[in-house]
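Worksheet for the structure shown next.
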Amino acid sequence: MDTKDIARPRSTGGMRSEDTPTPGVFAPPESMRPTLVGERYMISAGHPLVAQVCARVLEAGGTAIDAGVAGGLASNVIQADMCNLGGVAPIVLRCAGQDTAWAISGVGTWSRTVTLARFRDRFGDDMPLGLGVGVVPAALDAWVTALDRFGTWRFADVASDAIAYAEEGFPLDHRTAAALGILGRTFAAYDHTPAVYWPDGKPPRQGDRLRQAALADTLRRLAAAEQAADRRAGLKAVRDAFYRGDIAARIADWSAAHGGWLTRDDLAGFACTVEPAPSVAYRGHRVFTNPAYSQGPILLLALRLLERLDLASCTAGSADALHLILEALKLAFAERERAMTDPAFATVPLDDLLGDANVARLAGQIDLGSALPDPIGSAGAPGQARCDTTYLCVIDAAGNAFSAMPSDTIDGSPLIPDLGIIVSPRGVQSSNRPGHPNALAPGKRPRLTPSPALALGPERTGAERRVLAFGCPGGDVIVQSMLQSFLNVVDFGMSLQQAVEAPRAATFSFPGSFFPNPHFPGRIDVEARVPQAARDDLAARGHRVSPWTDWEFDAGSVQMVGDLSDPAAGGRVLGAAADPRRCAYAWGR
């Protein structure tokens with residue numbers, strides 16, 4: 001018999017296809033990067049080296065809290081373009097098995113020696129960067145407080161990688177080198193910063209090694225202070241070494257010599273607040289963030305509004321969905337301008353802002369067919385937003401979760417040469433206008449843009465709930481991008497990685513957080529991947545549509561870690577996602 005007469009089965013998969021050059025069996029990727037899946041831990045950090053630091057702690061038996069603190073300290077070294085040990089670091093965390101979350105403020109206070117009148121006598125209507133807008137450095141206390149109250153490791157152990165990276169250095173990747181070049185346009189005017197970050201007198205390039213010897217010495221001094229046998233007593237000694245010892249004296253003297261207000265008493269009297277994180281329910285989930293010393297309540301208020309507006313009936317990325325999200329955010333930012341500030345100085349309680357009566361009043365103003373007139377009124381001064389923040393989140397197999405957003409960079413204030421840190425210039429997020437709810441005052445915290453978040457899934461009788469940690473750098477875009485990514489998961493059924501990659505938009509119809517508080521009534525910025533028909537539809541509803549690129553840096557970098565399914569007695573199935581718009585990197589096992 002001729003072999004050509006033998007019937008042969010058709011190839012339907014594998015590596016062969018008789019009908020096409022390629023099999024065409026597998027679907028295209030669901031996203032540019034995969035959603036990582038594991039069971040022991042998941043990490044998403046603002047830089048790959050930071051993710052590795054977190055992983056080393058978890059592999060050595062640390063919890064998500066221990067790993068998050070180690071990653072935070074490492075970010076203060078590795079991401080000098082985005083955060084600083086002398087800066088801010090708000091944290092939201094959850095301990096395994098708990099149905100609540102904790103907020104650690106991570107933001108310093110204005111000196112008790114400065115009043116708005118004194119500030120205006122010196123600067124008038126201006127708020128120049130530098131020591132004049134310096135507040136107490138808070139990041140170190142935030143890391144130590146998280147470790148003390150909720151962690152298991154000692155400071156010297158979580159700080160070891162940060163010390164090594166500061167002392168030995170590391171080769172710069174392309175994006176970090178480029179960022180240091182951009183920041184140098186400002187810090188070139190400072191006396192000591194260029195010697196560290198532009199050591200050859202010019203912007204660094206990819207592959208150049210960044211060493212920070214003074215910062216390594218400061219971290220070593222803090223670790224050496226931890227002499228007590230008792231872990232918590234040792235952590236207190238670390239904190240005292242920074243806020244009450246020689247380091248504090250140097251910070252206060254530096255501030256005084258360069259036009260700042262901080263005193264040794266300001267540093268000695270400072271401590272981050274730790275409190276139950278404010279939260280709201282959204283479609284069976286419970287979402288937590290920091291109080292109104294951050295912009296976290298904007299996220300909470302927008303969620304409350306959107307639950308009334310039936311966003312889930314819209315199509316993801318449609319003009320209807322984007323319109324409702326942006327209108328809810330516009331109203332939430334207006335409420336920030338009206339009443340949100342350091343809770344210790346607030347005249348309108350957050351519970352009232354998030355309460356049913358206020359939510360009903362605001363939701364009733366939203367019209368699906370047309371954009372609201374600008375709730376604030378006339379435009380403010382022009383200015384350039386600052387996006388100097390990073391983010392990291394960690395979850396472990398027990399359900400401990402850590403969500404932190406360190407910030408403040410080396411272009412905002414001169415480096416203290418023998419300490420290798422700056423004094424947080426976050427005072428630029430206070431107002432210098434008399435009568436404004438966020439006006440600076442003695443001992444008051446500026447209202448931060450950084451706002452990490454956590455969410456718990458629907459309650460399950462006698463069983464563990466799903467946990468999701470998420471956050472994003474990007475100034476006033478932070479909570480806007482976080483909101484859209486969270487909704488992509490909860491309302492639109494996207495995977496974690498799809499959710500952070502999906503195109504997004506932002507409103508700027510409010511006074512910006514950074515002086516001089518730029519305000520662009522009616523303006524929305526929309527990534528070019530949003531279809532032109534949707535952008536035209538938004539314009540027809542009255543939005544002033546401005547184009548972003550396909551993958552806009554200023555749209556932030558959302559990162560997520562969390563349960564992919566309900567936790568079971570046998571363990572968890574965890575996922576992690578990292579936004580390709582910046583250097584974010586996910587890792588897990």
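Read-outs: derived from the displayed coordinates by stated rules, not from any lab. Remember, predicted model here, so these are calculated numbers, not experimental data. All Cβ positions, glycine included, derive from the backbone under ideal geometry; neighbour counts span all protein chains shown.
A protection proxy built from the mean count of other Cβ atoms within 10 Å ranks the segments 254-262, 579-587, most packed first, as 579-587, 254-262. Helix 139-150 and the longest principal axis of the C-alpha atoms of the chain enclose an angle of approximately 70°. With the simple model of a label 7 Å out from the Cα in the direction of the Cβ, Asp125 to Arg308 spans 3.7 nm.
So if we plug the beta-carbon distance of Ala233 and Ala398 into 1/(1 + (r/R0)^6) with R0 = 22 Å, what FRET efficiency do we get, rounded to 0.05? Calculated value: 0.25.
Put a plus charge on the Cβ of each Lys and Arg, a minus charge on the Cβ of each Asp and Glu, and nothing anywhere else: the dipole of the chain about its Cα centre is then about 460 debye. Annotation: peptides 506-514, 40-48, 120-128, ranked by per-residue average of other Cβ atoms within 10 Å with the highest first, follow the order 40-48, 506-514, 120-128. Summarising the overall dimensions of the chain from its C-alpha atoms, the Rg and Dmax are 24.4, 105 angstrom.
Give the angle, between 0 and 90 degrees and rounded to the nearest 10, that separates the Cα long axis of helix 319-339 from the longest principal axis of the Cα atoms of the chain. So the inclination is approximately 10 degrees. About the centre of its Cα atoms, segment 46-170 shows a dipole size close to 420 debye [charges on the beta carbon of Lys, Arg (+1) and Asp, Glu (-1) only; nearest 20 debye]. Taking label positions 7 Å along the Cα-Cβ direction at both Glu167 and Arg460, the computed distance is 4.5 nm, reported to one decimal.
What the Cα atoms of segment 145-189 give is an Rg and a Dmax of 15.9, 42 Å.
Near Trp548, the amide H atoms lying under 5 Å from its own belong to Val526, Glu527, Ala528; only residues 5 or more places off or on other chains count, and H is placed 1.01 Å from N. Report note on the peptides 333-340, 559-566: ranked by the mean count of other C-beta atoms within 10 Å, highest first, their order is 559-566, 333-340.
For segment 431-482 and segment 79-141, write down the distance between their C-alpha centroids in whole Å. Cα centroid of segment 431-482 versus Cα centroid of segment 79-141: 14 Å apart. Here segment 506-589 yields Rg over Rh of 1.15, to two decimals, using C-alpha coordinates and the Kirkwood radius. For segment 75-188, a Kirkwood hydrodynamic radius built from all Cα pairs, placed in the Stokes-Einstein relation at 10 °C and 1.306 mPa s, yields a translational diffusion coefficient of 93 µm²/s. I need the shape label for segment 431-536. Rule: rounded when a/c is under 1.5, else prolate if a/b > b/c, else oblate, with a, b, c from the alpha carbon gyration tensor. The shape class here is oblate. Each of Trp548, Trp110 has some number of other Cβ atoms within 10 Å of its Cβ, and from fewest to most they run Trp548, Trp110. Rounded to the nearest 0.05, the FRET efficiency derived from the C-beta distance between Leu368 and Ser546 at R0 = 22 Å is 0.50.
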